[in-house]
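Written out below as structure tokens is the structure these notes cover.
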Amino acid sequence: MSALQNSVSPLSTREIRHRTARLANGLEIQAEVDAGAHTAAIGFFVRTGARDEPTELMGVSHFLEHMMFKGSERRRAEDVNREFDELGAAHNAFTTNELTAYYAHVLPERTHGALEILADILRPALRQEDFDEEKQVILEEIAMYADQPFWVGYEAMMERLYAGHPLEHRVLGTTQSVGALGRDQMADYFDRRYSADNTVLVAAGRVDFDALVREAERLCGHWNTARPTREHPRWAPQPATVRLQLPNTARAYVILSMPAPAIQDDMRYASGILMHVLGGGDGSRLHWALVETGLAEEASASYDGHDGTGDNTLFAVCDPAKADEIEGVLRAELAALLPSITDDDLLRARSRIATGAAVGSERPNGRMFRLGTLWGYGAEYCTLEDEVERISRVTLADLRACCERFPLDPKVSVHVLPSPDSPAAK
């Protein structure tokens, strides 16, 4: 085990101490220790997701997330649920294109109980009968999301914007890829990606860090080391226009997207501010141009950073007959954004983003997620105060530099519309 490292970051009247350690097998451990907190949050983040899957195994990371809760050699699914309930834990998991996480939020004295359960289920039994049963659940989930117009449009956008890049993979997979997936293929993927050196144990709140490290050594010190890698292929997005028709929607969903800074790039702060001014709530440009005028029911813009790349996305929901008009307004507002931004716009956006970051991190759960996400993307740790300070230093010149490097020019346009035989079209 390496030497422990410390850095201190005061938050108002409390002291938040960031601590790190690493086990001999490569498992990293990080915590933001807050002696004044009333709860503790703990979780394992694994640097694997849809982008790390072979195309023929698309969806295996999300499928594995389900299989963890089916139990280990020591626990069955009912044991996992009962023991979490006995701890009073708020527990869950999620899978994205790039991360898979398993976590629990508990009273401080129950932290080690939660850690024991999490560490155990992260070495799942992968029983054939559980695999067969859960495959049907996943296929039903895919079918359910196929009925959600926004999700259909979002997947189409990612597939076109990131065509030829692993980020084009669907997190849920497809009916074909999940249907053909075998239990042994999943086990092989698990062995290659769920290694100690591809995982971090993160905690926040009232945590005894030294005891946490000792417990992690006992529970996880035998985990394998696999030295997994991640592909970062060269990627040049090509223009694409997609028109999809669904029988179960009465509204049109319009999505425009374009490249943006990677999550490791300091320009992400400028990109986030640009999208906030454009479509970050009631005072945004899109709100006044589309929602207040009655042209659209919803309108927003967002920045999404990824490992090595990122995207800016505009979204609106409207009457199908107005879809083309709405896209025209979205493009016009986007084109007018940079020339029209003022110092007052910048001040308001910086203030709201900083407030949102602070509010989201007031609870140990929020801080735990932040730690795991920073690690998962290979981003350097910085205190919440440092991040808020970086946001506050963004200038109009920074916004211009960001737009020069990442032009506000949509590469992909997606419309999800009612099909001719849907009730809305009759």
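Every number in this text was worked out from the coordinates using simple rules, so none of it is lab data. Only a predicted model underlies this, so the values are computations on that prediction, with no experimental measurement involved. For neighbour counting, all protein chains shown are included, and Cβ atoms are generated from backbone atoms with ideal geometry for every residue, glycine included.
Numbers for the structure displayed
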{"quantity": "Cβ-based exposure ranking for SER257, SER61, SER419, SER72, in which fewest neighbours within 10 Å come first", "calculated": "SER419, SER72, SER257, SER61"}
{"quantity": "Bins of 5 Å from zero: percent of alpha-carbon pairs in the range 1-152", "calculated": "2, 8, 13, 17, 19, 15, 11, 8, 5, 2, 0"}
{"quantity": "Simple spin-label estimate for ARG192 and HIS232 in nanometres, 7 Å along Cα-Cβ", "calculated": "2.1 nm"}
{"quantity": "Degrees between helix 128-145 axis and first principal axis of the chain (Cα, 0 to 90, nearest 10)", "calculated": "20 degrees"}
{"quantity": "Charged-residue dipole, Cβ positions (Lys, Arg, Asp, Glu), the range 145-217 about Cα centre, Debye nearest 20", "calculated": "200 debye"}
{"quantity": "Helix axis angle, 209-220 relative to the chain longest principal axis, alpha carbon, degrees", "calculated": "80 degrees"}
{"quantity": "Linear extension gain, ASP324 paired with THR225, 0.36 nm per residue minus alpha-carbon span", "calculated": "30.4 nm"}
{"quantity": "Point-charge dipole on Cβ atoms (K/R +1, D/E -1) for the chain, about Cα centre, debye to 20", "calculated": "560 debye"}
{"quantity": "Farthest toward positive dipole pole in the chain [+1 Lys/Arg, -1 Asp/Glu at C-beta], among PRO418, GLY173, LEU384", "calculated": "LEU384"}
{"quantity": "The chain: angle of helix 268-279 to the longest principal axis, Cα-based, in degrees nearest 10", "calculated": "50 degrees"}
{"quantity": "Most mobile listed residue (ALA260, ALA332, ALA349) in the chain, GNM with C-alpha springs under 10 Å", "calculated": "ALA332"}
{"quantity": "Segment GLU73-PHE94, length gained on full extension (0.36 nm per residue, minus Cα span)", "calculated": "5.3 nm"}
{"quantity": "ASP409/ALA24 FRET efficiency (R0 56 Å; Cβ-Cβ; nearest 0.05)", "calculated": "0.70"}
{"quantity": "Dipole-positive endmost among THR395, SER300, GLY272 within the chain (Cβ charges, Cα centre)", "calculated": "THR395"}
{"quantity": "Computed over the range 240-425: relative contact order in percent, which uses C-alpha pairs under 8 Å that are six or more apart", "calculated": "40 percent"}
{"quantity": "Within the range 5-220: Cβ-based charge dipole about Cα centre, in debye rounded to nearest 20 (Lys, Arg +1; Asp, Glu -1)", "calculated": "580 debye"}
{"quantity": "THR55 paired with ALA397, simple spin-label distance in nm, labels 7 Å along Cα-to-beta-carbon", "calculated": "4.6 nm"}
{"quantity": "The range 5-220: relative contact order in percent, alpha carbon pairs under 8 Å with at least 6 residues between", "calculated": "35 percent"}
{"quantity": "GNM result for the chain, Cα springs below 10 Å: residue of LEU27, LEU337, LEU408 fluctuating most strongly", "calculated": "LEU337"}
{"quantity": "Against the rule of thumb 2.2 N^0.38 Å, how large the Cα Rg of the chain comes out", "calculated": "1.03"}
{"quantity": "Sites ASP210 and ALA358, calculated FRET efficiency, Cβ-Cβ separation with R0 35 Å, nearest 0.05", "calculated": "0.75"}
{"quantity": "Ratio of Rg to Rh over the range 240-425 (Cα coordinates, Kirkwood Rh, two decimals)", "calculated": "1.01"}
{"quantity": "Gaussian network model of the chain, springs between alpha carbon atoms under 10 Å - residue of ALA316, ALA146, ALA41 with greatest fluctuation", "calculated": "ALA146"}
{"quantity": "Linear extension gain, ASP386 paired with ALA335, 0.36 nm per residue minus alpha-carbon span", "calculated": "15.2 nm"}
